[in-house]
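Worksheet: the structure to be examined is printed underneath.
The values are calculated or read from the model by the stated rules, or taken from the named source; none is laboratory data. These figures come from a predicted structure and were not determined experimentally. Cβ placement follows ideal geometry from the backbone for every residue including glycine, while neighbour counts extend to all protein chains displayed.
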Amino acid sequence: MPQYKVAIVGAGPAGYFAALALQNLQTEELQFSIDMIERLPTPWGLVRSGVAPDHPKIKTVAKVFEKVANEQNFRLFANVELGSDLTIEQLKEKYDAVVIATGTALGKKLGIPGEDLPGSMSAATFVPWYNAHPDFKDESIDLNCETAVVIGAGNVAMDVARMLALEPSELDSTDTADHAIDTFKESKVRTVIISARRGPEHAAFTSPELRDLPKLEHTNVVMDKADIEAAIARAGDAPEKDVKSNLDAMLLISEKDATNHERTMKFQFLATPKEIKGNGRVEEVIFQKTGSEETFSVKCGLVITAIGYEAASLEGIPYEKGKVLNTDGRVNENVYVVGWAKRGPSGVIGTNKSDAADVMKLLVEDLGTPKTSGDITDVITHNRVVTQQHWQAINTAEVAAGEPLGKPRRKFVDHQELLNNAGV
Ligand code: NAP
């Protein structure tokens, strides 16, 4: 019975869905042993460090990941970094196939003057900071200003704006990092402006997220009805289904009776960011009214860009335009890519399931004679590998620490604290 060894690099949704696809493709004649490699001491990728903590339902997909991980043919090697602990060449040599599932960790840049001023940052920093990603725990996030601007009209922009505009005590029952809850409780931000460069008919929000906004209990959500009506007119009689659904949801928001909460989320459309200005830190953003020469300024002390992501490069893997260069997931030799590293940052978590299944079918087509050249355990020299059992110790400890506080878990944020709780 041929037994093929597959290494999956990256323990996020795409990696787990690739492992699941391989498990589903197994037959009497075709068996896999799957080794998943993860740089952090914790798996689950964006489900742990991306999904907004006030949307816990989205995180229930982690149950699927744990089911995959508890199969006999699966091993987790977390706290292992490709590049420093082992190389892609070693994996290629030892495994029948290597699957890159490392996502897109870098925030795209606007490329406008002032973008690097203190007080301006990417969602790629802000989101993992509030989600207790160990690499971002020491970011200095200054919320000592009345107005924040979030640039971008996608679901990440909406997550970021909501986190800034929620009454912070609403986060007590979530798995938001302790340091972030403390900072949000001290926050002076009362107005959060979500700024889109195009009209509402082109916004990348999805309608379930828009429909949730009027349910916020302690935040005013403001959209200008004239903006939405103009967009409906521009979209014409037969807009695409998603566009219509979005515009319907936006019209409802714009028609809602005004509320008088302390915090406000306000949408601004057709505003192209031109410059971020300030003396030593952010003080205003200069926008151009899209399609005209007219400019205007929004005074603010914080700018967060949520305009998409790019893949961080791995040595030995070809990249182009922020993605791993690939043809339908095939990269080169015995290397494959799945998820956002393959397609770019689009779609919901579930999109990665069918995508990974398609790539794993190609991987199986390409298989030759099983290799007998060992595995990752021949290469790693340190003894701080976090295995599935170690991760389960972290997981159990976090859930137990959260329980008396009414949280789904209280995340450990420090790398060493994670390893201590793993028992490694
Ligand atoms: P996205 O959906 O692609 O949205 C990016 C936004 O940034 C777009 O509105 C885009 O506007 C804007 N943008 C790009 N370049 C810009 C520039 N130079 N200046 C101004 N605006 C610019 O990306 P995302 O929000 O990062 O989300 C990534 C994926 O994750 C999406 O598929 C999203 O639905 C998904 N996600 C889902 C959830 C959820 O289901 N709850 C939560 C978070 C994320 P243009 O259209 O004009 O380019």
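Taking the stretch 1-109 as the region of interest, the helices (runs of 4 or more DSSP H) fully inside it that hold 1 or more residues being within 30 Å of L166 (Cα to Cα) and more than 14 Å from the chain's Cα centre (by Cα) are 62-69. Could you list, in sequence order, all residues of the stretch 49-101 that are within 16 Å of the ligand (Cβ to nearest atom) and surrounded by fewer than 22 Cβ atoms within 10 Å (Cβ to Cβ)? Selection gives D54, H55, P56, K57, I58, K59, T60, V61, A62.
Across the stretch 330-355, the qualifying residues are those that are away from the ligand (no atom under 16 Å from the Cβ) and hydrophobic (A, V, I, L, M, F, W, C), and the one among them that is nearest to G152 (Cα to Cα) is V337. In this entry, A78 passes the filter for residues that are of a type in the set (A, V, I, L, M) and touching a Leu at 6+ places or on another chain (Cβ under 9 Å). The residue that is nearest to C300 (Cα to Cα), among those in the stretch 178-226 that are within 16 Å of the ligand (Cβ to nearest atom) and among the basic types (K, R), is R197. Just for the stretch 1-26: of the residues that are at pLDDT 95 or above and surrounded by fewer than 20 Cβ atoms within 10 Å (Cβ to Cβ), which one is farthest from the ligand (Cβ to nearest atom)? For the stretch 1-26, the residue satisfying everything is Q26.
Pairing each residue of the stretch 153-172 that is closer than 17 Å to W129 by Cβ and more than 10 Å from the ligand (Cβ to nearest atom) with any residue that is among the basic types (K, R) and in a helix (DSSP H, G or I), provided the two are 6+ apart or on different chains, yields C-beta distances under 9 Å for P168/K185; L171/K185. Within the stretch 241-261, identify whether any single residue is in a strand (DSSP E or B) and within 16 Å of the ligand (Cβ to nearest atom), and answer yes or no. No, the stretch 241-261 contains no residue that is in a strand (DSSP E or B) and within 16 Å of the ligand (Cβ to nearest atom). Quick one: would you say V413 is surrounded by 13 or more Cβ atoms within 10 Å (Cβ to Cβ), in a loop (DSSP other than H, G, I, E, B) and in contact with a Lys or Arg (Cβ under 6 Å, 6 or more places away or on another chain)? Taking the combined requirement at face value, the residue satisfies it.
Contact annotation: residue pairs with Cβ atoms under 9 Å, 6 or more positions apart or on different chains, pairing a residue in the stretch 131-151 that is on the phi > 0 side of the Ramachandran plot with a partner that is small (G, A, S) and modelled with pLDDT of 95 or more, are A132/S49; A132/A177; A132/A180.
Within the stretch 110-147, being part of a loop (DSSP other than H, G, I, E, B), more than 16 Å from E186 (Cα to Cα) and touching a Pro at 6+ places or on another chain (Cβ under 8 Å) holds for L110, I112, N131. For V385, are the conditions met, namely being over 30 Å from S173 (Cβ atoms) and aliphatic (A, V, I, L, M)? Taking the combined requirement at face value, the residue satisfies it. Only strands (runs of 3 or more DSSP E) whose full extent lies in the stretch 275-389 are considered here, and the ones with at least 3 residues that are modelled with pLDDT of 95 or more and surrounded by fewer than 17 Cβ atoms within 10 Å (Cβ to Cβ) are 295-299.
Starting from residues that are out of contact with any Cys (no Cβ under 9 Å at 6 or more places or on another chain) and among the polar types (S, T, N, Q), keep the ones in the stretch 139-162 and report whichever is surrounded by the most Cβ atoms within 10 Å (Cβ to Cβ). The residue in question is N155.
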